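Here's the structure we're looking at; comments come further down.
The values are calculated or read from the model by the stated rules, or taken from the named source; none is laboratory data. These numbers were taken from a predicted model, which means no experiment stands behind them. Glycine also receives a Cβ, built like all others from the backbone with ideal geometry; neighbour counts cover every protein chain displayed.
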Amino acid sequence: MVSKAKLNFVVDAIILIAFLAAAVSGVVLMTMPHGGYQGGRNPGFDATVLTLARGEWNDLHVWSSMGMMAGIVVHLALHWNWILCMVKRFLSIGRGPALAGGAQPCPVVVTDREI
């Protein structure tokens, strides 16, 4: 079975790769000429960047964005208990400390074991 730390690393790496692909494709789409064929009057109609046409860059942009969103959903699911605990901690600030010294009962796991 995969440890939670390794799973978090893989999910975060997937999100990073998808983000980079979406960012690069977004910049390329923003700088590429567009506007359709226009009866042959658009000289940039058949333009390619790194051998990809505008439609292919658009597909890359859409699919990498979808992959990033899916990765974020998995990331949030993996950290859901921590998120709930932190929301409870921030909402209880005005009600006084639940434990001595202002500490809140949030589970935090710290290990010195290498992954």
Is it true that residue 70 is within 26 Å of the chain's Cα centre (by Cα), of a type in the set (A, V, I, L, M), on the phi < 0 side of the Ramachandran plot and at pLDDT 90 or above?
-> yes
For residue 2, are the conditions met, namely being at pLDDT below 95, hydrophobic (A, V, I, L, M, F, W, C) and not in a helix (DSSP H, G or I)? yes
For region 42-58, the count of residues that are of a type outside the set (A, V, I, L, M) and surrounded by 13 or more Cβ atoms within 10 Å (Cβ to Cβ) equals 6
When region 53-80 is checked residue by residue, the ones that are free of Cβ contacts under 8 Å to residues at least 24 places away in the same chain and more than 15 Å from residue 8 (Cβ to Cβ) are 53, 55, 56, 59, 62, 63, 66, 69, 70
- residue 76 being modelled with pLDDT of 85 or more, loosely packed, with under 10 Cβ neighbours inside 10 Å and aliphatic (A, V, I, L, M): no
